[in-house]
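A quick write-up on the structure given underneath.
The values are calculated or read from the model by the stated rules, or taken from the named source; none is laboratory data. All of these numbers come straight from a predicted model, not from anything done at the bench. Virtual Cβ from ideal backbone geometry, glycine too; neighbours counted across all protein chains shown.
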Amino acid sequence: MIKLVCRDYGFDCDFIASGDDVKQVVDAYGHHSTEEHGIEYSKEALMQFIIRKG
Ligand SMILES: [Zn+2]
């Protein structure tokens, strides 16, 4: 299970993108951060977030 927790990136937010498909999780979180926080992370940056967490 891959997980991107919005709170882990400094937002006061309960959004969590999770799933077994990396691309799907990256897409879901990327969409959320753009829409909700006005921050557009690149897919590469989000992949790095996932990789760094192990
Ligand atoms: Zn958020």
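Annotations for the structure displayed:
- Condition met for GLY10 (over 11 Å from the mean Cα position of the chain (by Cα), at pLDDT below 95, within 13 Å of the ligand (Cβ to nearest atom) and surrounded by fewer than 12 Cβ atoms within 10 Å (Cβ to Cβ)): yes
- The numbered conditions (1) without any contact (Cβ under 8 Å) to a residue 24 or more places away in the chain; (2) touching a Ser or Thr at 6+ places or on another chain (Cβ under 9 Å); (3) part of a loop (DSSP other than H, G, I, E, B) are all true for PHE11 except (1).
- Check on GLY38, touching a residue at least 12 places away in the same chain (Cβ under 8 Å) and at positive phi: no
- Qualifying residue in the stretch 21-35 (condition: within 16 Å of the ligand (Cβ to nearest atom) and not in a helix (DSSP H, G or I)): no
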